[in-house]
Amino acid sequence: MTNESKLFPPNSPATDGSATSPVFQLQRVYLKDASLELPNAPQIFLEQGAPQIEVQLDVSHDNVADGVTEVVVRVTATARVNDKVLFLVEAKQAAIFELRGIPEQQLLPVLGIVCPGIIYPYLRANVADLLTRTGLPPIHLAEINFEALYQQKSVQDASATSGLNLPGGTQTRQ
């Protein structure tokens, strides 16, 4: 008798296929799109001053097939020196995940927190590499707490569907 048969006796749920355990598996990570613009080069390189950088982040997901979902993290970073654009970089890092048997109440948090947390380091590295190739110093995107971002978006979506308005000075950005 092998060790495997001791762990999973014949007719046990682990060997007869009757039990379905949740599946969460990363299939592939890829750079889906990248764009870089230096609209004011070469004159912008003569400008003095530290660049002001604005970053926008978005997370989306789409079912590709039964149990297979693509999750995309998109970042847009704009740097300005003296109100002139130094660079504009936009990148979409994506991954394909196999998600089966995950309870419905846990699926959206997995798609909005866990999956982007896996993808984001690849996006950070690709953006830094892209900017380095221009001769500019790389920007290192800050770490993101995807759980806090997910909770913020959930509150925002709930207030939008309930008809509640956020106070005039409040802005939420992803």
Out of region 122-161, which residues are among the hydrophobic types (A, V, I, L, M, F, W, C) and at pLDDT 90 or above?
L123, A125, V127, A128, L130, L131, L141, A142, I144, F146, A148, L149
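Considering region 82-112 alone, what residues qualify as being within 18 Å of A50 (Cα to Cα) and in contact (Cβ under 8 Å) with a residue 12 or more places away in the chain?
N82, K84, V85, L86, F87, L88, V89
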Counting only residues in region 21-49 that are part of a loop (DSSP other than H, G, I, E, B) and under 28 Å from the mean Cα position of the chain (by Cα), the one nearest to F97 (Cα to Cα) is identified as P22
Return the residues of region 66-81 that are within 11 Å of I53 (Cβ to Cβ) and in contact (Cβ under 8 Å) with a residue 60 or more places away in the chain; say none if nothing qualifies.
A77, A79
Number of the condition not met by Q56 [criteria: (1) in contact (Cβ under 8 Å) with a residue 60 or more places away in the chain; (2) in a helix (DSSP H, G or I); (3) exposed (fewer than 13 other Cβ atoms within 10 Å of the Cβ)]:
(2)
Which ones in region 113-148 are closer than 20 Å to I53 by Cα, aliphatic (A, V, I, L, M) and surrounded by 14 or more Cβ atoms within 10 Å (Cβ to Cβ)?
L123, A125, V127, A128, L130, L131, L136, I139, L141, I144
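Could we say that A128 is small (G, A, S) and either in a helix (DSSP H, G or I) or in contact with a Ser or Thr (Cβ under 6 Å, 6 or more places away or on another chain) (or both) here?
Taking the combined requirement at face value, the residue satisfies it.
Here is a yes/no grid of residues against (1) among the basic types (K, R); (2) farther than 30 Å from I118 by Cα; (3) at pLDDT 95 or above:
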residue	(1), (2), (3)
T20	no, no, no
Q25	no, no, yes
L38	no, no, yes
P42	no, yes, no
Q56	no, no, yes
Conditions (1) at pLDDT 95 or above; (2) at positive phi; (3) among the charged types (D, E, K, R) -> D83 fails only (1)
With respect to I113, is the statement that it is hydrophobic (A, V, I, L, M, F, W, C), in contact with an Asp or Glu (Cβ under 6 Å, 6 or more places away or on another chain), modelled with pLDDT of 95 or more and assigned to a strand (DSSP E or B) true?
no
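The values are calculated or read from the model by the stated rules, or taken from the named source; none is laboratory data. In this text the structure is predicted, and so the values were computed from the model without any measurement. Backbone-built Cβ (ideal geometry, glycine too); neighbour counts: all protein chains shown.
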